[in-house]
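Bear in mind that the values in this text are calculations on the coordinates, not laboratory data. Quick caveat, the model's predicted, so the values are computed rather than measured. For neighbour counting, all protein chains shown are included, and Cβ atoms are generated from backbone atoms with ideal geometry for every residue, glycine included.
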Amino acid sequence: QVQLVESGGGLVQPGGSLRLSCAASGSVFSIYHMGWFRQAPGKQREWVAAITLRGGRTNYADSVKGRFTISRDNAENAVSLQMNSLKSEDTGVYYCNADSDYSDLRAGAADYWGQGTQVTVSS
């Protein structure tokens, strides 16, 4: 099994920045792709960004393109999400996920999920 742990959430004013991190442990040989989803109260979980660990190819939802950057950390199977120019609409619980299949990850059907970290954008 794989365990994912997110960190870095908090309260930030509109226009500010936050950096989220996700560390994987356990049977990490089964992971080829990692990504981020978010969920606001009363709304469905929404895909945010994804990265292919070998090669570093990245993809972003239109709502965050140009503002968010997903990248690999110095440790293997660890990723970060740099969030700039934050808006109130970015508020929600952010979840890290991982899978061997990119399509499953994008569809919200990843094999592994973290517990989530709260991001609140408010004045």
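Computed quantities for the displayed model
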quantity: Flag for Gly116 being within 11 Å of the chain's Cα centre (by Cα) and on the phi > 0 side of the Ramachandran plot; calculated: yes
quantity: Matching residues in the range 10-61 - criterion: being within 16 Å of Val121 (Cα to Cα) and either without any contact (Cβ under 8 Å) to a residue 12 or more places away in the chain or surrounded by fewer than 16 Cβ atoms within 10 Å (Cβ to Cβ) (or both); calculated: Gly10, Leu11, Gln13, Pro14, Gly15, Gly16, Ser17, Arg19, Gln39, Ala40, Pro41
quantity: Among the residues listed as Arg72, Arg38, Arg45, the single one being touching a Leu at 6+ places or on another chain (Cβ under 7 Å), under 26 Å from Gln1 (Cβ atoms) and among the basic types (Lys, Arg); calculated: Arg72
